[in-house]
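Everything on this sheet refers to the single structure shown next.
The values are calculated or read from the model by the stated rules, or taken from the named source; none is laboratory data. Fair warning: this is a prediction, and the values are worked out from it, not measured in the lab. No Cβ is skipped: glycine too gets one built from the backbone with ideal geometry, and neighbour counts run over all protein chains shown. Note: accessible area is taken over every heavy atom of the protein model, side chains too, but ligands, DNA and RNA are not part of it. Shrake-Rupley method; radii C 1.70, N 1.55, O 1.52, S 1.80 Å.
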Amino acid sequence: MGIWIDSDMGADDLFAILLVMQHRQVDGISLSFGNATLAQVEQNAVGAVGAFGWTVPIWAGADRAILGSVETAEQIHGTSGMRTRGVALPVGKPAFAPALPALCTWLESNEDCEVLALGPLTNLATLALSRPDLLSRIRQITWMGGGVTSGNHTPSAEFNAFADPEALAILLARNVPICMVDLDACRQVEITEADVSDVRASDHPQNELLADLLGGYLDIALTRGRDTMALYDPVAAAALLRPELFTFSSAHIATELSGTHCRGRTIVDTRNPDQANGTVISGLDSGNVRTLCLSALKENR
Ligand code: BDR
Ligand code: CA
């Protein structure tokens with residue numbers, strides 16, 4: 001059995017999906033608003049299919065949060081949700097069928113299911129509300145989201161958590177096992193300009209596209225006066241693929257749903273393992289995780 005990936009298809013989502021595809025079968029990808037609008041995210045998925053020849057079924061999910069808001073990260077990633085220094089994904093015409101029935105069918109036909117969630121959790125919360133009977137089939141959702149110490153979209157909240165905190169709260173309330181690969185963990189795995197050059201010099205058949213997308217992603221940091229950019233979604237993929245490179249701690253995870261400054265903040269309490277409702281990353285082998293994450297952009301296995 002393969003993995004289900006839920007994604008808002010920005011550049012780091014693409015890098016993460018390529019990494020998973022190198023190591024495991026992907027049974028389906030559901031799309032969500034997030035890095036950009038759902039329409040743009042679908043466009044990015046069509047482009048990835050065109051560029052990389054993916055045959056995995058892709059499905060259209062949520063265009064807004066459970067309570068109806070549409071928060072995107074366009075101010076960081078641009079309206080495409082995926083900055084580039086030149087070569088961009090090819091343009092196509094999206095025609096993806098709805099995600100929820102496909103996700104239900106996948107869960108009905110499998111047990112011990114692994115889900116990699118790389119964006120707002122709206123699609124998975126929608127599943128929890130509409131088919132709670134299927135939740136026991138999920139072994140774990142490995143989610144890039146949240147922050148133990150601080151946020152990025154707001155001072156308090158990480159983007160994927162902030163875009164739909166109610167979705168996270170719904171999954172936690174239903175005791176769905178979540179491994180939260182948070183900002184603090186991901187920020188231990190960074191790229192520099194040398195990595196862009198390495199990808200460009202690699203013999204990956206899409207090296208120019210991948211180098212321009214990695215460069216566009218790095219530019220987010222460079223334009224803000226920093227030399228390095230954290231790899232977010234690929235680190236979550238690495239935690240799922242190579243757990244021996246990580247140290248996990250049981251934790252009680254909660255999210256703030258109100259307040260002027262703290263909406264979407266994740267509160268991680270590791271003091272009482274007997275009250276844990278999830279898992280967080282307490283350590284990682286950053287060198288080997290970095291090598292693993294970048295390998296997907298340099299090798300086409
Ligand atoms: C997360 O937000 C998105 O912009 C990235 O793709 C990643 O999933 C980082 O906060
Ligand atoms: Ca993402």
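Numerical summary
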item	result
For the chain: accessible area per residue (Å², 1.4 Å)	39 Å²
Placed amide H near THR228: partners under 5 Å, 5+ positions off or other chain	none
³J(HN,Hα) computed for each position of region 266-276 - Karplus, 6.51 cos²θ - 1.76 cosθ + 1.60, integer Hz, glycine/proline x	9, 10, 10, 10, 9, 6, 10, x, 5, 9, 5
Two-decimal ratio, region 89-136, of alpha-carbon radius of gyration to 2.2 N^0.38 Å	1.35
Qualifying trypsin sites (Lys or Arg not before Pro) in region 108-175, DSSP loop, other Cβ atoms within 10 Å at most 12	none
Charge tally in the Cβ shell below 11 Å around ALA238, where Lys, Arg are +1 and Asp, Glu are -1, ALA238 excluded	-1
In region 189-286, trypsin sites (Lys or Arg not before Pro) in a DSSP loop with at most 13 other beta-carbon atoms within 10 Å	ARG224, ARG226, ARG271
Compactness index (Cα Rg / 2.2 N^0.38 Å), region 3-298	0.92
Global form of region 24-119, assessed from the alpha-carbon gyration tensor, a/c cut-off 1.5	oblate
SER136 accessible area, 1.4 Å probe, all protein chains in place, Å² to nearest 10	100 Å²
Restricting region 194-301 to GluC sites (Glu not before Pro) in coil, as DSSP defines it, with at most 15 other Cβ within 10 Å	GLU299
Dipole magnitude of the chain about its Cα centre (Cβ charges: Lys, Arg +1; Asp, Glu -1), debye to nearest 20	140 debye
Surface share of carbon and sulfur [accessible, 1.4 angstrom probe, percent] for region 3-298	50 percent
Charge sum, other residues only, whose C-beta stays under 9 Å from ARG200's C-beta, Lys/Arg counted +1 and Asp/Glu -1	-3
Beta bridges per DSSP with both ends in region 3-298, % antiparallel, nearest 5	30 percent
Region 244-283 pair-distance distribution - Cα-Cα, 5 Å bins, rounded %	6, 25, 22, 17, 17, 9, 3, 1
Other-chain or far-sequence residues with amide H under 5 Å of SER282's (modelled H)	THR247, PHE248, SER249
Over the chain, relative contact order from alpha-carbon pairs under 8 Å, at least 6 apart, %	21 percent
P(r), alpha carbons of region 82-188 - 10 Å bins starting at zero, rounded %	13, 39, 29, 18, 1
